[in-house]
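Comments concern the structure below.
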Amino acid sequence: MTDLNQSIVGEPLRPEQRLSALAVSRGIGIGRVVFLHSDKHRHFRIELGPNEVEGELDRLRSAIAETRGQLLKLATDTPSDQPVSDIFGVHLLILEQSSFVQRIEAAISEQRINAEWALKIVTDHYVERQGSTDDEHIREKSLDIKDVANRILSALDGTRPFAPLTYAGSVIAAPELRPSTILELTKVNPAAIITERGGWTSHSSILAREFHLPMISGIKRLEQILSSGASVIVDGMNGELILDPNTETVEHFRAMVSRHTTKTGEGTRPAAVTTADGAEIIIRANIDTPDAYQAGGLRGARGIGLSRSESLIRRSGTVPSEDEQLAAYSQLCQVAGPDGVKIRTFDIGIDQVEDDRSAERNPSLGLRSIRLSLTIPTFFRTQVRAILRAACGNRIDIVLPMITGVEDIIRSRALIDEEREKLEAAGIAVGVPLVGAMIEVPSSVLTAREIAAKVDFLCLGTNDLVQHLLAVDRDNHLVADWYQTLHPAVIRAIAAVLSAAREGGIPVLVCGEMAGSAFYVPLLIGLGARELSMNASSIGQIQDLVSGITLSEAEELVAGIEKLETSEEIERYLRRHYREHWNSLFPPGILDAKHR
């Protein structure tokens, strides 16, 4: 959450309006809208004479050198364990190890055109190629290409890539923001950020989270919906934009910020969270760095429920060494203590380790996650060895992503056992981590009982489960109406996984947006969830909610939706039930907003 340096005074002239959005950086921001328009460099094609080509190449190379210097400074100005250095390191790779610069030089030489026009046509080619893929991670790389291209262009014409605002406390609105723009914005302390495009894994979103800037995305036609100076609240906890909030709503969200600040400053960890009728609910944190867990732990997290190990991959295709991973995992164990940490093995695609095999027709359903780990086991074995060593004397578990059936488990456990035996034979101390499966595709739901018999615990990844179950890209606004978290199929799938875990006598951890959203948590508890893992900024709100509801009423809630046939019917029922039983536990207006 951010300091609220700019107040909203008086009742708005228009009635309050709420729009659903994708929360990509948790927090709350209250302020007035400022539009940040993208740089409008003008591109002209200039034909060069034969004797002018070499001079134009020198001009380009000079701009490249200036850009490289800027990126080196950005990559080294912050500690190496922070994502900002990694992101701008990736930008350096675009200059140094990709074909990007070579293509620009070739265009200048072969077509005899100026550097600006060559840069434009090469950038457009890369952006079009990456933007057309089904893989969200590859699509978002196009923004990195644009960012680097803009720096080169600015170096060519002598302008700054971005001119920072001179005032703080504003809510910045833009179609999309490049990573370097986010970094510049951190210097002027905006209240929050709204964009039309940008998913959870984009570099811009990662930077916003790193610098605790509340950010939401997926709001289309921003300039038609908002006007400069409009009063808004960015609710990065529940994924909502509130336009023209009334006094009651503003005061409620100010109180939420105040409660958050107080809890964070207490430095104490509350006892286990229980419902009003005594059912214990374990709340864990989704954390990737030790520093981030310090905040989560202070708010009452019982260990790290999900650590995304791919955050350690600092350069595209460069996996950290065994010793580097050992150090990182050991640090997480140290801050989590006896509550432990669950490490999800690398959830990446083939494009992140082998550039020459990245042209998959449908990468999101291709060689990625556990499939990639088993197909190219070298980096997977390195990771497994690091986890086994870190587990010596520590509580650390392994989470296998994108499991589709029992065979994935059998092959993975065999590899883990092989590496354990090798380490022990070499006299290296190891631990015995528990092994769990991430349930996030339909086949794993349908074989959850068989999978449960082969693992020590299950993790239920609700984000990908909804996408794969309903065949909907959550970041594609064209099919946004079909992304329905409350679709009966989704609820039945969650219930089936929870039931399979109970029958198998193993725990199941629910993670993803549902676990950290107040609107869905009572439903999850009623379905049988007893462990939830969420972003640290959601923990306080969910603790308050859990302690105010009863298990019996949550189970009554589930019974009431069993015969309902559409997500709309289920959502209306939940709202009605919440108003009748727990209205005071929810922020004003959240029970009126549409939830996807």
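The values are calculated or read from the model by the stated rules, or taken from the named source; none is laboratory data. Since the model is a prediction, treat every value here as computed from it, not as a measurement. All Cβ positions, glycine included, derive from the backbone under ideal geometry; neighbour counts span all protein chains shown. Note: accessible area is taken over every heavy atom of the protein model, side chains too, but ligands, DNA and RNA are not part of it. Shrake-Rupley method; radii C 1.70, N 1.55, O 1.52, S 1.80 Å.
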Discussion item. Among the residues of the range 299-306, are any under 22 Å from the mean Cα position of the chain (by Cα), closer than 24 Å to F88 by Cα, modelled with pLDDT under 90 and open to solvent by 20 Å² or more (accessible area, probe 1.4 Å)?
Written reply: no
Item to complete: Go through the residues of the range 529-548 one by one and say whether even a single one is of a type in the set (A, V, I, L, M, F, W, C) and more than 23 Å from R299 (Cβ to Cβ).
Response: no
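For the range 468-485, name all the residues that are modelled with pLDDT of 90 or more and either loosely packed, with under 15 Cβ neighbours inside 10 Å or not in a helix (DSSP H, G or I) (or both). Even if it seems obvious, please write down each step before you answer.
As a first pass, look at the range 468-485 and keep what is modelled with pLDDT of 90 or more: 468-471, 484-485.
A471, Q484, T485, listed by residue number.
Residue-by-condition table, conditions (1) at pLDDT below 85; (2) open to solvent by 20 Å² or more (accessible area, probe 1.4 Å); (3) closer than 30 Å to G55 by Cα:
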position: A118; (1), (2), (3): no, no, yes
position: Q130; (1), (2), (3): yes, yes, no
position: I145; (1), (2), (3): no, no, yes
position: T181; (1), (2), (3): yes, no, no
position: A192; (1), (2), (3): no, no, no
position: G198; (1), (2), (3): yes, yes, no
position: T201; (1), (2), (3): yes, yes, no
position: R209; (1), (2), (3): yes, yes, no
Worksheet item: Picking from V399, V432, V466, V441, which residue would you name as being in contact (Cβ under 8 Å) with a residue 24 or more places away in the chain and over 30 Å from S217 (Cα atoms)?
Response: V432
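When you check T378 against the structure, is it part of a helix (DSSP H, G or I) and either at pLDDT below 95 or not aromatic (F, W, Y) (or both), yes or no?
When the stated conditions are applied, T378 passes them.
Could you check the range 34-46 and list, in sequence order, the residues that are at pLDDT 75 or above and touching a helix residue (DSSP H, G or I) at 6+ places or on another chain (Cβ under 9 Å)? Before the answer, list the steps.
Step one: of the range 34-46, the residues at pLDDT 75 or above are 34-36, 45-46.
F35, L36, R45, I46 - these are the residues of the range 34-46 that are at pLDDT 75 or above and touching a helix residue (DSSP H, G or I) at 6+ places or on another chain (Cβ under 9 Å).
Give the residues of the range 388-416 that are acidic (D, E) and open to solvent by 60 Å² or more (accessible area, probe 1.4 Å), sorted by residue number. Write out each step before concluding.
Going through the range 388-416, the residues acidic (D, E) turn out to be 397, 407-408.
Within the range 388-416, E407 is the sole residue that qualifies.
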Worksheet item: Within the range 361-370, can one find any residue that is in contact (Cβ under 8 Å) with a residue 12 or more places away in the chain, among the hydroxyl-bearing types (S, T, Y), open to solvent by 30 Å² or more (accessible area, probe 1.4 Å) and not in a strand (DSSP E or B)?
Response: yes
Item to complete: Tell me, yes or no, whether the range 435-457 has at least one residue that is touching a helix residue (DSSP H, G or I) at 6+ places or on another chain (Cβ under 9 Å) and closer than 20 Å to G393 by Cβ.
Response: yes
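Does L523 meet the test of being part of a strand (DSSP E or B) and either buried (at least 21 other Cβ atoms within 10 Å of the Cβ) or of a type outside the set (G, A, S) (or both)?
Answer is no for this residue.
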Worksheet item: Can you tell which of L465, L509, L532 is closer than 23 Å to H577 by Cβ and buried (at least 21 other Cβ atoms within 10 Å of the Cβ)?
Response: L532
Worksheet, complete the sentence: Selection from the range 374-387 of residues buried (at least 22 other Cβ atoms within 10 Å of the Cβ) and among the aliphatic types (A, V, I, L, M) yields V384, A386, I387
Discussion item. Going by what's in this entry, would I451 be described as in contact with a strand residue (DSSP E or B) (Cβ under 9 Å, 6 or more places away or on another chain), more than 23 Å from E556 (Cβ to Cβ) and either of a type in the set (S, T, Y) or part of a loop (DSSP other than H, G, I, E, B) (or both)?
Written reply: no
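Looking only at residues that are under 19 Å from the mean Cα position of the chain (by Cα) and among the β-branched types (V, I, T) in the range 187-233, which one is nearest to F88 (Cα to Cα)?
Applying the first criterion (under 19 Å from the mean Cα position of the chain (by Cα)) to the range 187-233 yields 192-219.
If we keep only those that are among the β-branched types (V, I, T) too, we end up with 193-195, 201, 206, 216, 219.
Working: I193: 21, I194: 22, T195: 21, T201: 15, I206: 12, I216: 22, I219: 27 Å.
The residue in question is I206.
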Fill in: Odd one out for T485 among (1) over 22 Å from the mean Cα position of the chain (by Cα); (2) under 21 Å from V466 (Cβ atoms)
(1)
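Conditions tested, residue by residue: (1) open to solvent by 10 Å² or more (accessible area, probe 1.4 Å); (2) in contact with a Phe, Trp or Tyr (Cβ under 6 Å, 6 or more places away or on another chain); (3) hydroxyl-bearing (S, T, Y).
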residue	(1), (2), (3)
E513	yes, no, no
G528	yes, no, no
S537	yes, no, yes
I542	no, no, no
L574	no, no, no
N583	yes, no, no
Worksheet item: Which of the residues spanning the range 211-244 are outside any loop (DSSP other than H, G, I, E, B), modelled with pLDDT of 90 or more and open to solvent by 10 Å² or more (accessible area, probe 1.4 Å)?
Response: S231
